[in-house]
Each structure stands twice: as structure tokens, then as C-alpha cells.
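Q: I have a structure here, written as C-alpha cells, and I will follow up with some questions on it.
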Amino acid sequence: MTRNMGKTDRTIRITAAVVVILLILTGALSGAAAWILGILAVVFLLTSAVSFCPLYTVLGISTNASEKKEDRKS
């Protein structure tokens, strides 16, 4: 499992997850929207923690600057 998420990508995901969690905790989000966005927030936190997004692998995307530098050397 190689890292395919850069620092900016991780920061955006963590920020979005925290905002969603705060909205759920304050009651601004409820019902199905809260469940769906809550699950997405957990996924964002997990993928940010390991710097790996499985969907990026399927789509051939990488926001990791160090991986892009290695590709240019090849």
C-alpha cells in the first residue's frame, strides 16, 4: 500500500470530516444525511490517517508530491 495522498489533500479531508462531525453533534445535521455524511467523515479520517485512498488507486490518481517526483525520474 503506497501513499497516494498529499498533505493538502489530507488537510482538506480532515477539515471536512471535523466540520461534519461538529454539525452532527450540534444537531444541525440529522436523519439520513447525518448518517451518510458521518460515515463519509469516518472514511475521510481513516484514509487521511494512513495517507492512502483506495478510490485513487482505481482511478490512477495521486496527490502525493513525492510519488509524482519518482514518476518523473523514471
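Q: Kindly evaluate residue 33 against the criterion of being free of Cβ contacts under 8 Å to residues at least 60 places away in the same chain and more than 28 Å from residue 64 (Cβ to Cβ). Talk me through it step by step, then tell me what you get.
A: Details: free of Cβ contacts under 8 Å to residues at least 60 places away in the same chain: yes; more than 28 Å from residue 64 (Cβ to Cβ): yes.
It is true that residue 33 is free of Cβ contacts under 8 Å to residues at least 60 places away in the same chain and more than 28 Å from residue 64 (Cβ to Cβ).
Q: Taking the stretch 17-33 on its own, how many of its residues are at negative phi and either part of a loop (DSSP other than H, G, I, E, B) or crowded, with 16+ Cβ neighbours inside 10 Å (or both)?
A: Result for the stretch 17-33: 8.
Q: Any chance the stretch 50-68 includes a residue that's acidic (Asp, Glu) and either modelled with pLDDT under 90 or exposed (fewer than 11 other Cβ atoms within 10 Å of the Cβ) (or both)?
A: yes
Q: Mind telling me which of the residues 11, 26, 15 ends up being within 21 Å of residue 57 (Cβ to Cβ), modelled with pLDDT of 95 or more and of a type in the set (Val, Ile, Thr)?
A: 11
The values are calculated or read from the model by the stated rules, or taken from the named source; none is laboratory data. Keep in mind that what you see is a predicted model, and the values were worked out from it rather than measured. No Cβ is skipped: glycine too gets one built from the backbone with ideal geometry, and neighbour counts run over all protein chains shown.
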